[in-house]
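What follows is a set of notes on a single structure, which appears directly below.
The values are calculated or read from the model by the stated rules, or taken from the named source; none is laboratory data. Remember, predicted model here, so these are calculated numbers, not experimental data. Counting neighbours? That spans all protein chains shown, and the Cβs are built from the backbone with ideal geometry, glycine included.
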Amino acid sequence: MTAFVIPTTRVSSRATIDFWIEAFGMELLAIHPGDATDVVDHAELRLGDGRVMAGTPREEGLNQAIGGTSMYRGIDGAGRHRRDPRPRRCGRR
């Protein structure tokens, strides 16, 4: 299994995301809403093997200012190793 971290940030508008695409050659993987011109709920970009997620500030949920950051941490395949949804007890195989 491989661990990974995806940084997230709040941007001022869709124009910032477009700038990243033009300036750094990032690939836009997803953007919501799809016709976003100013407010972006969620965008995911890729540069090489790395990814970054971005969105504009919003009042509901995690209220971060422009430039605010956080991260997603994960492990590829984390849920696949366990087929039995019941809690495990010591010694049970």
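Residue by residue, here is whether (1) at pLDDT 70 or above; (2) assigned to a loop (DSSP other than H, G, I, E, B) holds:
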| position | (1), (2) |
| --- | --- |
| Arg58 | yes, yes |
| Asn63 | yes, yes |
| Gly67 | yes, yes |
| Ser70 | yes, no |
| Arg73 | yes, no |
| Arg80 | no, yes |
| Arg86 | no, yes |
| Cys90 | no, yes |
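Filtering region 20-44 to residues that are closer than 15 Å to Arg58 by Cβ, in contact with a strand residue (DSSP E or B) (Cβ under 7 Å, 6 or more places away or on another chain), among the hydrophobic types (A, V, I, L, M, F, W, C) and in a loop (DSSP other than H, G, I, E, B) leaves only Val40. Count, please, the residues in region 1-51 that happen to be surrounded by fewer than 16 Cβ atoms within 10 Å (Cβ to Cβ) and touching a residue at least 12 places away in the same chain (Cβ under 8 Å). Residues in region 1-51 being surrounded by fewer than 16 Cβ atoms within 10 Å (Cβ to Cβ) and touching a residue at least 12 places away in the same chain (Cβ under 8 Å): 23 in total.
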